[in-house]
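Visitor: I'd like to ask some things about the structure below.
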Amino acid sequence: MAGSPFSPSTVMSRLLCLIVLSLGLMRTATADENTDRMSAYLTQKFGLAKEKAQKISDAVQAAASKYSLPPALLLAIISIESRFKEKAKGANGATGLMQVVPGAHRGLLRNVKDLTEPTANIEVGSAILYGYMRSANGDMNAALKSYGGSQAYAQKVSLRVEDFAAVAPSQDGAQQSDAQAGMCAARPTSDRCAEPGNWANAFTVPAVNAAGLNGTATSATGLHTTSH
């Protein structure tokens, strides 16, 4: 009978709701597990206090999910830019974990009161990187060059990603695959496209020679002209 709590349509609707709820709980549990693993690694490797490591890990996971970026990529950038020191200052006013330059991105900072605050800094830095990637039609190599100002910087980040890949897996495999496909689409023959399940290789960029490294303008990070 229509409207009966035991009608096929009602039972099916409830089953679908339960499935969706279960998937949501599983994803939350996985994200929490990844964050805990990431936090423990930052404490062990970089000597961060547990509370600070947890806050950075939470912010990285949130930004990675929002902008479809691998957490390991964001961690690699942070380690190079500031070595996880939220008060870090660099050339051209570069500030915080991801060394954001306020003067170059005023539009993204309208509601940011303190750029040294980890969550705010990672959110803005990730938004900048995502914007560069979209402008480059999904080419992450070009996006990293724009973010750091040189091919040498892009190369260094791609190598550093490998250090974090094991402790910062992607939250959403399907979403990450879509992002990786977008990065590779601009260069169909590029050897930067990773095999399935090995996404860290998607950020490998051509090696630079000694002349390229020596000829690069340096900043507080020692490798690039700050442009982010």
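The values are calculated or read from the model by the stated rules, or taken from the named source; none is laboratory data. No experiment lies behind these values; they were computed from the predicted model shown. Using ideal geometry, Cβ is built from the backbone for each residue, glycine included, and neighbour counts are taken over all protein chains shown.
Visitor: Can you say whether Ala76 is crowded, with 19+ Cβ neighbours inside 10 Å, assigned to a helix (DSSP H, G or I) and touching a Lys or Arg at 6+ places or on another chain (Cβ under 7 Å), as far as the supplied structure shows?
Guide: Considered against the rule, which asks whether it is crowded, with 19+ Cβ neighbours inside 10 Å, assigned to a helix (DSSP H, G or I) and touching a Lys or Arg at 6+ places or on another chain (Cβ under 7 Å), Ala76 comes out as yes.
Visitor: Assuming Glu123 fulfils every condition listed in (1) of a type outside the set (A, V, I, L, M); (2) modelled with pLDDT under 95; (3) part of a helix (DSSP H, G or I) apart from one, which condition is it?
Guide: Evaluating Glu123 over (1) of a type outside the set (A, V, I, L, M); (2) modelled with pLDDT under 95; (3) part of a helix (DSSP H, G or I) leaves (2) as the failure.
Visitor: Determine whether the range 156-170 contains at least one residue that is closer than 26 Å to Gly47 by Cα, among the aliphatic types (A, V, I, L, M), surrounded by fewer than 20 Cβ atoms within 10 Å (Cβ to Cβ) and free of Cβ contacts under 8 Å to residues at least 60 places away in the same chain.
Guide: So far as the range 156-170 goes, yes, one or more of its residues are closer than 26 Å to Gly47 by Cα, among the aliphatic types (A, V, I, L, M), surrounded by fewer than 20 Cβ atoms within 10 Å (Cβ to Cβ) and free of Cβ contacts under 8 Å to residues at least 60 places away in the same chain.
Visitor: Could you figure out which of (1) outside any loop (DSSP other than H, G, I, E, B); (2) closer than 20 Å to Glu51 by Cβ; (3) free of Cβ contacts under 8 Å to residues at least 12 places away in the same chain isn't true of Asp114?
Guide: Of everything listed in (1) outside any loop (DSSP other than H, G, I, E, B); (2) closer than 20 Å to Glu51 by Cβ; (3) free of Cβ contacts under 8 Å to residues at least 12 places away in the same chain, Asp114 misses just condition (1).
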